[in-house]
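> To start, I am sharing the structure in question, which I have written as structure tokens.
The values are calculated or read from the model by the stated rules, or taken from the named source; none is laboratory data. Not measured: the values here are computed from a predicted model. Here the Cβ positions follow ideal geometry from the backbone for every residue, glycine too, while neighbour counts run over all protein chains shown. Heads up: the accessible areas ignore ligands, DNA and RNA and are worked out on the full protein's heavy atoms, side chains in. Shrake-Rupley method; radii C 1.70, N 1.55, O 1.52, S 1.80 Å.
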Amino acid sequence: MSSTANTTTHEHGIIDRAVLMDMVKRKDLHLLSGFNGVRGLASVHLRTNLENGISNGEDTETRRSRFGSNSTRKHLNSSLPKSFAYCLLEAFMDASKLLQLAFTVISLGLMIKQERLKQVWYDGGSIAVSLLVIALEAVINFIQHKQLLCQLSKISDNVKIDVVRDGWRQKISVEEVVVGDVVLLSVGDQVPAGGLFIEGDSLLVDEYSDDGGNVIDIDTIRSNPFLISGSKVINGNARMLVLSVGRNALDCGVSPKTGGTHDSSNLHSLLNKLTSLIAKVACFVSFVDLLGILIRYFCGNNQDDPNGIDIPFVLGNVAAIAEGLSLAFTFNLVYSSKGMMDDRVMIRKFSACETIGAASVICTHRTGILTGDQMEVKEFCVGFDQIEDGSVIVAGDDKFLRLFRQGVGLNTTGGGGVHNSFEDCGSPTERAILSWAVENLEMEMAMEKLTEGYIFLRHAVKFDSEMKRSGVSILKKEDNTIDVHWKGDAKGVLAMCSNYYQKTGVEKSINDDEKTRLENMIEGMAASGLRCIGFAHKRLPQNEDGGTYELRNEEGLTLLCIVGIKDSCKQGVKEAIASCKSAGVEIKMITEDHALTAKALAIECGILAVDPEVSNNGEEVIEGKEFRNYTEKERMDKVERIRVMARSSPSDKLLMVECLKKKGHVVAFTGHDAPALKEADIGVSMGIEGTAVAKEISDVVILDDGFASVVMGLKWGRWLFDNIQKHIQFQLPANVASLVINFISTSAGRGVPLSTIQMLWINLLMVTLGGLALAREKPTKELMLQKPPPVGSRVARLVTNVMWRNILAQSMYQIVIVLMLWFKGRSFFNVNERVKNTITFNTFVFCQWFNLFNSRIQEKMNIFEDLHKNIMFLGIVGAAIVLQVVIVEFLNLFADNDDDDDQKLNWKFLKWGICVATATISWLIGWFVKLIPMPHTPSLADLDRIRVDAVAGFGFWMSYI
């Protein structure tokens, strides 16, 4: 096999990329052994030093040109892009729209039979425009989908990965990874390319998806050393050798998942039900009226009608009803997602725009999002003494100092290369301790100095959220003794200790009283908001098996010191949490910290009351172990009262989210724990400190890692729902009024006041200009004073009693005014029939635009509040009025189906004044009805009840007629 391997290499021993790709794809251990294993392949064929990595500069460029670039690697689990044809088909696949088209064909057929070809031309054009409205929705959805995929691509491309180059550990973009790189992997990372396992601890990867469908153990080189591009590290850590990048890695990697990111939301579902109900009612009324017209026509009762059968209202009532609200939802969705992006909130799933606004509970991790992630060492205790000046130790016992430096520098995830600097490596806690030790204890920054005279033993225990500690063992060359170092939660480390070091460097055994004193000291530090980290050491003789030593739960350790680290709340967190509370959203902090530390931080952030008695009485602070040991009934009874869960594991966080969801809450979870992120209604990951897996699983990414941005996402989500309600309040009066007006008029044999093309114009104005005007309204402070949907409801009521009051008042006014103008306008104003028709149409249009101002604010009396701040709103209304003037005075075919000039208003002040003054009364109507107190909850249980009542009501009306 060795000879076979040699034949696949180029000059200077560089191997062909196809061989590497094939080996990873087939996981060919036999071929790997032909290269003398990982180390032989690295040193001979890839010219890679597994300790120091490759060299930056010319070496990386040579490898990129020979083996390809990783910039062609696509985000493996991103959604496949939708085609425009798919979006168009999706927009048209709606029962109400198909029913609309069916009525359209019938109407046009009857008009052609009557030889009303001119009207067929107008109405045919209106149908085309109506279809264009549906197509516009498809275009916007397609563009929005492409933009979202672009954003997801950017955030996935910006993922950083740790590599070793020139002996230094450094972060680079995944796009910069080349064949031969030594990559460092830890929990939450996504494997950036195809490669081989070099060394590591308890490495588990998921090769397919975030559901744990194919978990692979890559703990030993003898069983499965192959790492597949796109896999997710779910446990342990490792160093890997990169063999294939870009398209080569994708060809042998995880298959992309199909599906779309344009998932449905509760709001969209409710909106679809509402629009479907409106369309069905309109079609029902139109069908009944059409049936009556056909009966009159075939019975000969319509022969004297010069206009023939008045069918066009069928189109007018049904056209653009469903499209209007659907397109309004799309407009607002686009604007809200853009607004969130401007506020550093990136939406990964469209449904999250609405769902985040309905959140009733936010479970948040502490590190990085509540606290500044800029930890500092505030206390350093050796024995019972607090050391203020590190120089005392530096000048003291050299043995103690050497052991502490080893415990700090070697027992960390911050290592990586023999010349590695610790300044930017490891967790925030480790970085704080490392930088403090370098600055105050003169610790060498290079690992080779700390390991001088020692040999690393390969077995190590990395930090685990269950044990809350990590360990490492090293072999001393001089006497073959083994030094074992443990670091972690101070109380847990203390429990493993039988001895402790005093300030003088003397080692002393711990009696029960001293252990109690040390425990009290740790609790006192924790109560002041410090995270307490304990360091312990143990020396053992070399084992007979050659020096390997398996770390386990040790006993008989010697406590070196206790370090207290302070992590303060980020600026603006306290105000953001107060804003959430005023919005009725509960905040729960879930952290790995000591209970007293977590409690102090929760008080500082405003999650808990300052009075400690208040926090204790309600069982507001518990530990994860206590929570998981509750019975299911106890958990369900107590989960809502809990404000802080300390010492929590990933399984505890998941359990908390599950319990809250069972109670009926809409739960948002912020952090990096994949199971809880997936289970929550809204998974929120961090854009800076978040892991690649967390970002991929989450629904929302907070680009600046700030809790204040989470609150902005909450506000924009509520804005989306509120704006849809405003649009409903704007559009429904016109739809209801036109339906009733045309029905009454045609039933009376007086034709239709509002023709097809007129209704199309009105709907187009409302759908486009009206929708854009309302979409430009900014989120208000009042949104954060509203309460979330009731527990057990995924979304608030779409049409409230307040809205019904406003909608019905405006509808009734418009019905009365238009019918008066239609039946009595000619004699009242002493004008001809065509001018009367124009005045009726013009007044109805102006009623809609004046009602737009009413729709801005549902309950406040002052509908002009902050109007001067929305120049776009005023500009759109002004443009709509100008268009209406042009329509009436110049494009007379839109005012009536006759092209004579005597239907214009001819710039007569009185005629225009009548139209405007009549429409202005809608403001007065809106003001008066707001004096009527109304409960916010709807009087009807749900939309199904609305549908039953509507059908029953129309059935009664028809039986009465």
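> At least 3 residues that are of a type in the set (Val, Ile, Thr) in each: list the helices (runs of 4 or more DSSP H) lying fully within region 745-835 that qualify. Walk me through it before giving the result.
Working: elements: 756-764, 771-775, 801-829.
Helices (runs of 4 or more DSSP H) meeting the threshold: 756-764, 801-829.
> Continuing with this model, one more query. Being more than 17 Å from ARG17 (Cα to Cα), assigned to a loop (DSSP other than H, G, I, E, B) and not acidic (Asp, Glu) is the filter here; which residues of region 177-191 pass it?
SER186, VAL187, GLY188, VAL191
> With SER685, SER648 as the choices, which residue is open to solvent by less than 10 Å² (accessible area, probe 1.4 Å), outside any helix (DSSP H, G or I), without any contact (Cβ under 8 Å) to a residue 40 or more places away in the chain and within 23 Å of ASP189 (Cα to Cα)? Please lay out each step first, then the result.
Working: SER648 fails: without any contact (Cβ under 8 Å) to a residue 40 or more places away in the chain.
Only one candidate qualifies: SER685.
> Here's a follow-up. When region 500-522 is examined, which residues are found to be open to solvent by 80 Å² or more (accessible area, probe 1.4 Å) and within 18 Å of GLY564 (Cβ to Cβ)?
Selection gives LYS503, ARG517, ASN520.
> Could we say that ASN801 is under 30 Å from LEU660 (Cβ atoms), open to solvent by 10 Å² or more (accessible area, probe 1.4 Å) and under 45 Å from the mean Cα position of the chain (by Cα) here? Show your work before the answer.
Values: under 30 Å from LEU660 (Cβ atoms): yes; open to solvent by 10 Å² or more (accessible area, probe 1.4 Å): yes; under 45 Å from the mean Cα position of the chain (by Cα): yes.
Judged against the criteria, ASN801 is a match.
> State yes or no: is ASP263 part of a loop (DSSP other than H, G, I, E, B), charged (D, E, K, R) and either at pLDDT 85 or above or touching a Ser or Thr at 6+ places or on another chain (Cβ under 6 Å) (or both)?
Numbers: part of a loop (DSSP other than H, G, I, E, B): yes; charged (D, E, K, R): yes; either at pLDDT 85 or above or touching a Ser or Thr at 6+ places or on another chain (Cβ under 6 Å) (or both): yes.
Yes, satisfied.
> Report yes if some residue within region 391-402 is farther than 19 Å from ALA536 by Cβ and at pLDDT 75 or above; otherwise report no.
no
> Give the residues of region 738-755 that are surrounded by fewer than 20 Cβ atoms within 10 Å (Cβ to Cβ), of a type in the set (A, V, I, L, M) and closer than 18 Å to PHE844 by Cα, sorted by residue number.
In the first step, residues of region 738-755 are kept if they are surrounded by fewer than 20 Cβ atoms within 10 Å (Cβ to Cβ); the result is 740, 744, 747-751.
With of a type in the set (A, V, I, L, M) added as a condition, the list becomes 740, 744, 748.
Within region 738-755, VAL740, ILE744 meet the criteria.
> Give the residues of region 173-194 that are among the β-branched types (Val, Ile, Thr) and in contact (Cβ under 8 Å) with a residue 60 or more places away in the chain, sorted by residue number.
At the first step, the residues of region 173-194 found to be among the β-branched types (Val, Ile, Thr) are 174, 177-179, 182-183, 187, 191.
Answer for region 173-194, where residues must be among the β-branched types (Val, Ile, Thr) and in contact (Cβ under 8 Å) with a residue 60 or more places away in the chain: VAL174, VAL177, VAL178, VAL179, VAL182, VAL187.
> Within region 341-356, count every residue that is among the hydrophobic types (A, V, I, L, M, F, W, C), open to solvent by less than 50 Å² (accessible area, probe 1.4 Å) and either out of contact with any strand residue (DSSP E or B) (no Cβ under 6 Å at 6 or more places or on another chain) or part of a strand (DSSP E or B) (or both). Before you say what the answer is, go through the steps one by one.
Applying the first criterion (among the hydrophobic types (A, V, I, L, M, F, W, C)) to region 341-356 yields 341, 345-347, 350, 352-353, 356.
Okay, now just the ones that are also open to solvent by less than 50 Å² (accessible area, probe 1.4 Å), so 345-347, 350, 352-353, 356.
Then keep just the ones that are either out of contact with any strand residue (DSSP E or B) (no Cβ under 6 Å at 6 or more places or on another chain) or part of a strand (DSSP E or B) (or both); that gives 345-347, 350.
Of the residues in that region, 4 qualify.
> Please go through region 488-507 and give me each residue that is of a type outside the set (Ser, Thr, Tyr), at pLDDT 90 or above and touching a Ser or Thr at 6+ places or on another chain (Cβ under 9 Å), ordered by number.
Passing the criteria: CYS497, ASN499.
> Here are LEU891, LEU905: which of them is farther than 30 Å from LYS781 by Cβ, open to solvent by less than 60 Å² (accessible area, probe 1.4 Å), at pLDDT below 85 and out of contact with any Pro (no Cβ under 6 Å at 6 or more places or on another chain)? Working first, answer last.
On the way: LEU891 fails: open to solvent by less than 60 Å² (accessible area, probe 1.4 Å).
Of LEU891, LEU905, the one residue that is farther than 30 Å from LYS781 by Cβ, open to solvent by less than 60 Å² (accessible area, probe 1.4 Å), at pLDDT below 85 and out of contact with any Pro (no Cβ under 6 Å at 6 or more places or on another chain) is LEU905.
> Sticking with this one: When only residues in region 590-617 that are open to solvent by less than 10 Å² (accessible area, probe 1.4 Å) and assigned to a helix (DSSP H, G or I) count, which is modelled with the lowest pLDDT?
First, pick out the residues of region 590-617 that are open to solvent by less than 10 Å² (accessible area, probe 1.4 Å): 590-591, 593, 597-598, 601-602, 605, 607-608, 615.
Cutting the leftovers down to assigned to a helix (DSSP H, G or I) gives us 597-598, 601-602, 605, 615.
Details: THR597: 84, ALA598: 86, LEU601: 87, ALA602: 89, CYS605: 88, SER615: 45.
Here the answer is SER615.
> Six or more apart or on different chains, Cβ under 8 Å: which pairs go from a residue in region 52-68 that's within 17 Å of GLY195 (Cα to Cα) to one that's part of a helix (DSSP H, G or I) and basic (Lys, Arg)? Could you list them?
As it stands, the answer is ILE54/ARG63; ARG66/ARG17; PHE67/ARG17; GLY68/ARG17; GLY68/ARG247, since those pairs meet every condition given.
> Could I ask something else about it? Regarding region 331-353, can at least one residue be identified that is modelled with pLDDT of 85 or more, more than 19 Å from MET784 (Cα to Cα), of a type in the set (Phe, Trp, Tyr) and over 13 Å from the mean Cα position of the chain (by Cα)?
no
> Output the residues belonging to region 56-67 that are modelled with pLDDT under 85 and crowded, with 16+ Cβ neighbours inside 10 Å. Talk me through it step by step, then tell me what you get.
Step one: of region 56-67, the residues modelled with pLDDT under 85 are 56-59.
Once the filter is applied, which keeps residues that are modelled with pLDDT under 85 and crowded, with 16+ Cβ neighbours inside 10 Å, region 56-67 yields only ASP59.
> Here is a further query. Conditions first: (1) assigned to a helix (DSSP H, G or I); (2) surrounded by fewer than 21 Cβ atoms within 10 Å (Cβ to Cβ); (3) in contact (Cβ under 8 Å) with a residue 40 or more places away in the chain. ASN851 passes all but one, so which condition is the exception?
The single condition ASN851 does not satisfy is (2).
> When the residues of region 623-645 are filtered to those that are open to solvent by less than 40 Å² (accessible area, probe 1.4 Å) and within 16 Å of THR364 (Cβ to Cβ), which remaining residue is farthest from the chain's Cα centre (by Cα)?
Out of the qualifying residues, it is GLY624.
> Let me ask something else about it. Report, by residue number, each residue of region 428-453 that is modelled with pLDDT under 70 and part of a loop (DSSP other than H, G, I, E, B). Give the steps one after another, and end with the answer.
Keep residues of region 428-453 that are modelled with pLDDT under 70, which gives 444-453.
Within region 428-453, GLU444, MET445, ALA446, THR451, GLU452, GLY453 qualify.
> Here is a list: GLY690, GLY717. Which entry is assigned to a loop (DSSP other than H, G, I, E, B) and either of a type in the set (A, V, I, L, M, F, W, C) or over 10 Å from the mean Cα position of the chain (by Cα) (or both)?
Values: GLY717 fails: assigned to a loop (DSSP other than H, G, I, E, B).
Unique residue meeting the criteria: GLY690.
> Assess whether VAL877 counts as being at pLDDT 65 or above and more than 16 Å from ARG776 (Cα to Cα). I'd like the intermediate steps shown before the answer.
Values: at pLDDT 65 or above: yes; more than 16 Å from ARG776 (Cα to Cα): no.
Against the criterion (at pLDDT 65 or above and more than 16 Å from ARG776 (Cα to Cα)), VAL877 does not qualify.
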